[in-house]
Structure formats: structure tokens, C-alpha cells
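Notes follow the structure.
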Amino acid sequence: MLPEVPRVDPATEDHWLTRPVTVRRLWWLLGAVLLLTVLAQFAIPVKGKFPLEGTFAFGAWYGFVCCVAMVLAARVLGWWLKRPETYYDATDNGGEEGGDA
Amino acid sequence: MPDFLPPAVWLLAGAVAVAMTRGGLRSVILLLTPLATLWAAWQVPDGVVLTATYLEHAAELVEGSPVRRLFATIFCIMAFVGGLYAYRTASGTELAAALAYAAGAVGVCFAGDLLVLFLYWEVMAIFSTVVVFCGATGRARAAGIRYAVIHFLGGVILMVGIESVMVGTGSVDIRALSANNLGTWMVLIGLLVNAAAPPLSAWLADAYPEASPTGSVFLSAFTTKTAVLTLILLFPGEPVLIGVGLFMVFYGIIYALLENDARRILAYSIVNQVGFMVTAVGIGTETALNGAAAHAFAHIIYKALLFMSAGVVVYRTGLNRCSDLGGLFRTMPLTCVCGIIGALAISSFPLTSGFTTKTLISEGAAEQGMAAVYYLLAAASAGVFLHAGIKFPWFVFFQKDSGLRPKDAPWNMGLAMVLFAAACIGLGIYPDPLYALLPYPEDADFYTPGKVLFYLQLLLFSGLAFFLMLPLMRRTLTLSLDVDWLWRRALPVAWYAVADGLVAIRDKARKDLAAARRVLGDWFAEHWGGEGLFARSWPISTTALWIAALLAAYVLVYYL
């Protein structure tokens with residue numbers, strides 16, 4: 001049995017965190033923090049055991065590149081692997097009864 | 001008479017008591033039993049301490065060692081906090097099954113030989129299936145049956161392996177084996193089934209999200225982590241585990257990125273996290289094994305915390321899909337903050353438990369000069385932040401406003417989440433008590449400016465990639481195919497095709513037979529019918545004539 005959930009109309013709702021001006025400020029904040037972590041590298045040497053690790057801001061570019069690669073890989077695999085949610089419904093229930101949602 | 005009972009017996013007795021009681025008494029038993037078991041677990045000294053003879057086999061019922069105690073400790077803590085989270089909403093059956101399931105896990109921790117281990121292994125399989133069934137929907141029942149089939153199959157493979165090892169070596173002691181013959185391979189495969197290793201990873205993300213909001217919290221903790229413990233005990237340094245673990249790590253990330261169901265995202269990330277531990281066991285050095293054990297400990301806490309947070313959302317809204325949720329931070333601040341703490345911990349953000357434990361695994365790879373493994377683990381750490389660290393809280397609590405205004409967590413669920421959120425941060429700031437429990441001496445300190453800066457760069461730039469690529473991660477009302485397609489789709493479809501073919505053959509045969517019968521019937525009717533040659537009545541004179549002719553023929557033949 002589904003619980004009763006109070007609902008409101010999102011269009012009439014206003015929250016300071018979701019206002020465009022706040023979102024814009026958060027983007028600036030994120031940018032500043034990112035820049036800071038990269039600039040900090042000048043003051044803090046990041047020692048690594050392996051050659052790539054010695055490159056400037058290794059964590060930053062490696063993390064970014066890997067994430068972009070993984071999202072793209074997921075996207076490509078998605079074309080092949082994604083099916084509608086009801087894909088297994090017929091066979092999961094012996095082709096007889098429908099499953100509960 | 002032994003001075004103590006096997007710790008698992010406490011939990012089993014508690015499970016029986018919970019099944020037979022109701023109300024306040026049941027809740028008290030539910031909460032006290034794991035604490036009593038925790039105390040009992042710490043009374044177990046190192047070495048084999050309890051044996052029993054059964055069919056001339058001296059079964060080693062209880063054996064202690066630091067790593068066994070470590071896992072038993074976190075299993076008991078999990079059973080306690082899980083019980084606190086669940087006791088007001090879960091059914092009595094689910095609570096009793098959860099305790100029995102925990103008993104199986106604690107039993108595996110202290111199993112002195114492979115046969116005792118197998119016994120508790122099956123206890124886990126049975127009662128975890130019951131927990132899945134307690135989801136009480138058609139989907140939960142179907143997923144529970146698939147879950148049970150895979151686990152009993154894994155159990156059979158494990159048993160065949162154990163028998164083979166017993167015949168080959170004459171011993172079922174739990175000691176380091178190496179996968180170099182069929183028997184040890186079967187043991188390894190049997191264990192890996194429970195670790196959700198490929199190709200049978202799909203059972204986890206299939207079954208766990210179909211359990212009740214409270215059931216999936218229990219499920220997230222025990223099965224895969226007992227598999228990690230048994231791998232540490234039986235196959236430390238087995239090279240094949242490095243490849244298996246790395247595959248699991250990326251499998252979890254990719255499938256979680258494709259997923260829309262909030263709890264299924266978390267389920268895939270279990271496979272991802274267990275992949276880190278399996279890789280560590282494969283590396284097999286003291287640092288790496290410490291890393292596997294410490295990470296399992298921390299993982300149980302933050303993963304349960306994430307499932308608790310998702311569970312509160314499901315409990316309050318009845319909704320699982322990210323595409324139906326969003327904007328819940330407004331009315332569920334506690335659940336949101338606890339979810340974020342769990343998400344930061346799983347991403348190994350500095351000051352959380354993931355940072356002080358998972359880093360041990362990377363360190364283990366670096367010490368061995370395994371550059372490729374090290375780079376892949378770093379990439380995977382970024383991927384964890386991507387798929388679980390940001391994706392889960394973002395789509396559930398933020399993104400668009402769904403207009404839903406559910407109440408925050410009930411007090412007991414909130415308290416359970418706060419306890420585990422505190423543990424995530426506590427172990428992140430001060431990991432020494434956990435390090436003291438590890439199997440090998442550990443004095444690592446990862447809070448060097450260089451290390452912290454590296455992880456901050458890695459994770460924050462992953463966050464940037466997430467928000468820049470959001471349009472590519474639109475939620476779709478889809479599921480993702482996995483190996484279980486073979487038995488959920490291909491086999492049934494093939495079976496229906498064969499069945500349809502057989503039915504067609506039968507129908508054709510029936511039709512042909514009917515036609516044949518008609519032709520034959522006409523022929524019979526013609527000759528044996530009322531006026532047929534062979535059925536009509538003959539005059540007596542004709543009969544006498546025929547008899548005379550036959551007798552004459554007989555006499556003739558006789559004299560010839």
C-alpha cells in the first residue's frame with residue numbers, strides 16, 4: 001500500500017537554494033574551489049610512485065577525463081543494454097500473471 | 001561442556017525468540033541479541049576453541065582470529081543498528097529472518113573448517129531469501145526465487161569444491177588455498193557467487209531493491225562481506241581476483257550510471273565497492289589485506305546508511321524511481337544530510353571512513369608497483385563519486401522539484417542513520433581504533449597534504465564532470481540487460497517457442513489421426529459394418545459348405 005504523500009505545485013514553490021541567482025553563485029563557488037585545489041599544487045607537492053602522478057594537477061585532469069570517459073561509455077552501452085521497464089514482466093511471471101508494480 | 005556458546009547461536013536463539021514474541025518484548029530481544037553476540041564474539045580467543053564430533057568428523061565449530069573478530073564485530077553492530085532502524089515498521093518475519101541471516105554471517109566468521117562454513121553459508125542463503133520475500137510484492141517474490149536459485153547453485157558449487165578439497169588433501173581446515181585444481185576452483189567460484197562477481201553479478205541488483213525499505217538495509221551488509229572475509233581467509237594473493245575485482249568495480253559504475261531506481265543504484269555500487277575489496281585480496285600483501293578488511297568494515301556502515309536514507313524515502317513516498325523523486329531536501333533534511341554523509345564516505349572523501357580505508361587498497365597496489373591497478377583504482381574512485389557520491393543524493397534530494405513534501409524519518413530510523421553517519425565521520429577523523437582491529441599491524445596516516453590534495457582534486461573534478469554532463473544522464477524509464485537475460489528472457493522465450501512447436505505438432509498429429517480414423521473407419525464400416533462382407537450374417541448352408549471345404553483341404557494336406 002502506498003503512503004499518502006503531501007504534494008504541492010512545484011511551479012508556485014520558491015526556495016532560496018533553487019533560485020537562479022543562488023545556482024549561479026554555487027557555480028562560481030565550485031569554480032573557485034576547483035581553481036584553489038589546482039593552485040594549491042604550487043604550494044603542496046603531490047608525490048606519487050608512478051610517472052603520470054608527477055604531472056601537474058594529476059588528480060584534477062585524471063578525475064575529469066576518467067569521469068567523462070565513463071559517462072560516455074555508459075551512454076554507448078546504454079543504447080545496447082537499455083530496455084523498457086516492463087521488458088521482463090511477461091517472462092518473469094511465467095507469462096501468466098502480471099507483477100505488482 | 002564448553003565455557004561459551006558459538007556466538008552465532010546467540011543470534012539464532014534471538015531469531016527464534018523474535019519470531020515467537022510481539023510488541024515491546026520483541027523489540028527488546030531484537031536489540032539486545034546483537035549486543036550479546038558482540039560480547040560473545042569478543043570472548044573468542046585465537047585458534048580453534050570449540051570442536052564437536054559428527055559422523056567421525058571432528059567439526060571445528062569456533063575458531064578465532066583478529067580478522068574474524070573484526071567482521072563479526074561489524075556484523076553485530078549492523079544487526080543492532082539495522083534492528084533499531086527496522087523494528088517499528090518491519091514485519092516479525094522479516095526481523096526474525098534478518099537476525100537468523102546475521103547469525104549465518106557471524107557463524108561464517110568463526111567457522112573453523114569448510115564444512116561448518118558451508119552450514120552457515122546456507123543459513124545465510126535461506127534467511128536472506130526470506131528477507132527478500134518480505135518485500136511482499138509479486139516482483140519481490142519473483143526476484144526472491146531467482147535469488148534463491150543462484151545462491152543454492154553457488155552453495156552446490158562450493159560443496160562440490162569442499163568435497164574435492166577434502167578428498168584431495170584429507171583436510172577441511174580453513175587455510176590459504178590456491179586455485180590450481182578443479183576442487184579449489186570450485187571453492188573459489190562458490191565464494192565469488194556470493195561476492196556478486198561476474199558473470200553472476202545480476203542477482204544483487206535484481207533482488208536487493210525489491211526487498212522492503214528495511215530489508216534492503218540488512219541485505220546490503222552480510223552476504224557480500226562474508227564472501228570477502230572467506231576470500232581473505234582462503235585465497236589471499238590469488239592473482240585472478242585482481243582482474244575479477246577490477247571488472248566488478250567498473251561494472252558497478254557503468255550499471256549504476258544507467259540506472260533509474262534509487263536503491264538499484266546503491267545495489268550496483270555494492271558490486272563496485274566489493275570489487276575494490278576483491279582486488280585487494282588479489283593483491284594479497286599485508287597492507288592490501290588490511291585494506292580489504294578495513295574497507296569492508298567501513299563499507300557496511302556507509303552502505304547501510306545510504307540504504308537507510310533511500311529506505312526512508314521509499315517508506316515515506318512509496319516511490320523508487322529517481323525520475324519520480326527530487327527536491328526532497330526541503331522536508332527531509334535529516335535523511336538528506338545522512339544520505340550525503342554516506343555518499344561522501346563511499347566516495348572516500350577526506351574526513352570520512354572511505355578515505356581512511358579505501359586508500360589502504362590503493363597503497364597496497366602502489367607498494368607492489370602495480371601501476372595499471374593503481375591507475376584503474378584511482379579512475380574507479382572518481383567513478384564512485386560520480387555514480388553514488390553525487391548521482392544518488394542529487395537525483396533523490398535535489399534536481400527538479402517533484403512537488404513531493406513527505407515527512408522526514410521516524411525517530412528510530414533517524415537515530416539509526418545518525419549513529420552510522422557519526423561512525424562514517426568518526427572513522428574518517430580517527431581511524432586508529434579500526435586500524436587496531438586489523439589482521440596486520442597498521443600505522444598508515446593518509447592525512448598528508450599531498451594525499452588530501454590529490455583526492456580533493458580527483459573528487460571535485462569528478463563532480464564538475466557530473467554537472468557538465470548532466471544532459472547525458474537523463475533518467476529513462478528503463479532497465480539494463482545483464483547476464484540474467486539468459487534465464488529471464490532467452491530461456492523462457494526459447495522454452496515457449498519449443499512448447500508452441502510441440503503444441504503445433506500435437507495439433508497436426510491429432511488432425512492427421514482424425515483423418516486417418518475417418519478413412520479407416522469408412523473402410524471398417526464397409527467391411528465390418530452391419531452389411532459388410534465380414535459382419536453380415538451368413539446362411540448356415542454356406543457355413544457348412546466352408547467347413548466341409550476346409551476339412552477337405554486339411555485332410556489333403558495331412559496325407560501329402
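Assorted remarks:
- Charged neighbours of B:R517, selected by a Cβ distance under 13 Å, balance to +1 (K, R count +1; D, E count -1).
- 13 Å beta-carbon shell around A:P3, net charge (K/R +1, D/E -1): +3
- If you wrap the tightest convex hull around every Cα atom of segment B:236-480 and split its volume per residue, you get 113 Å³.
- Listed by chain and number, the lysines whose alpha-carbon sits under 18 Å from that of A:K49, ignoring those within fewer than 8 places in the same chain, are B:K358, B:K451.
- Our helix-only sum for chain B, with -39,500 (n - 2.57) per DSSP H run of n ≥ 4 divided by its residues, gives a mean residue ellipticity at 222 nm of -23500 deg cm²/dmol.
- Estimated at 0.36 nm per residue, the fully extended path between B:K508 and B:A548 surpasses their Cα-Cα distance by 9.3 nm.
- Value of Rg to Rh for the protein assembly as shown (Rh from inverse mean 1/r over Cα pairs, i.e. Kirkwood): 1.19
- Residues B:T476 and A:E13, FRET efficiency given R0 of 22 Å [Cβ-Cβ distance, rounded to 0.05]: 0.30
- Calculated [222 nm] ellipticity per residue, helices only, for chain A: -17500 deg cm²/dmol; basis is -39500 (n - 2.57) per DSSP H run with n ≥ 4, divided by all residues, nearest 500.
- Hull volume per residue, based on the alpha-carbon atoms of segment B:319-364 and their convex hull, is 93 Å³.
- Portion, in percent, of the accessible area of segment A:10-92 that falls on carbon or sulfur, probe 1.4 Å: 72 percent
- Convex hull of segment B:356-512 built on C-alpha atoms - directionally averaged projected area, nm²: 18.8 nm²
- Taking Cα atoms only, the orientation of helix B:240-258 departs from the longest principal axis of chain B by about 90 degrees.
- For segment B:139-156, Karplus couplings with θ = phi - 60° (6.51, -1.76, 1.60), whole Hz, Gly/Pro x: 5, 5, 5, 5, 5, x, 5, 4, 4, 5, 4, 5, 6, 6, 4, x, x, 5
- In order along segment A:34-45, the phi-based Karplus estimate (6.51 cos²θ - 1.76 cosθ + 1.60, θ = phi - 60°) of 3J(HN,Hα) comes to 4, 4, 4, 5, 6, 5, 4, 4, 5, 8, 10, x Hz; Gly and Pro are listed as x.
- Label point 7 Å beyond Cα of B:A525 along Cβ direction - residues of segment B:483-516 with amide nitrogen under 20 Å: B:511-516
- The calculated FRET efficiency for A:A40 paired with B:L55, based on their beta-carbon distance and R0 = 60 Å, is about 0.35.
- Shape of segment B:41-138, Cα gyration tensor, a/c cut at 1.5: oblate
- Taking amide hydrogens as placed 1.01 Å from N in the peptide plane, the amide H of B:T51 sits under 5 Å from those of B:L61, each at least 5 positions away in sequence or on another chain.
- Tilt relative to chain B, helix B:262-283 - C-alpha long axis, 0 to 90 degrees, to 10: 80 degrees
- Cut-off of 10 Å, at most 11 other beta carbons, DSSP loop: longest stretch of chain B lacking such GluC sites (Glu not before Pro): B:57-530
- Between segment A:28-83 and segment B:20-68, the alpha-carbon center distance in angstrom: 46 Å
- log₁₀ of I(q)/I(0) at q = 0.24 Å⁻¹ - segment A:10-92, Debye sum with one point per alpha carbon: -1.10
- One Cα centroid belongs to segment B:202-270, the other to segment B:115-129; the line between them spans 18 Å.
- Taking every residue in B:370-381 and counting other chain Cβ atoms within 10 Å of its Cβ, the average works out to 3.
- Only protein heavy atoms count here; under a 1.4 Å probe, B:C109 has an accessible surface of about 0 Å².
- Net charge over other residues, Cβ less than 15 angstrom from the Cβ of B:I162 (K, R count +1; D, E count -1): -4
- Degrees separating the helix A:58-81 axis from the principal Cα axis of chain A, which is the longest one: 20 degrees
- Once the C-beta distance of B:L468 and B:D500 is scaled by a Förster radius of 51 Å, the resulting FRET efficiency is 0.50 to the nearest 0.05.
- For A:42-50, mean number of other protein chain Cβ atoms within 10 Å: 5
- For segment B:403-413, putting each phi into the Karplus relation 6.51 cos²θ - 1.76 cosθ + 1.60 with θ = phi - 60° gives couplings of x, 6, 10, x, 6, 6, 4, x, 4, 6, 5 Hz, in residue order, rounded to whole numbers and with x for Gly and Pro.
- Cα centroid separation, segment B:366-408 to segment B:292-332 (Å): 13 Å
- Principal semi-axes in Å for chain B [√(5λ), Cα gyration tensor, largest first]: 60, 31, 25
The values are calculated or read from the model by the stated rules, or taken from the named source; none is laboratory data. Model, not experiment: these values are computed from the prediction. Methodologically, a virtual Cβ is constructed for each residue, glycine included, from the backbone with ideal geometry; neighbour enumeration extends over all protein chains shown. To get the accessible areas, we keep the full protein, side chains included, count just its heavy atoms, and leave off ligands, DNA and RNA. Shrake-Rupley method; radii C 1.70, N 1.55, O 1.52, S 1.80 Å.
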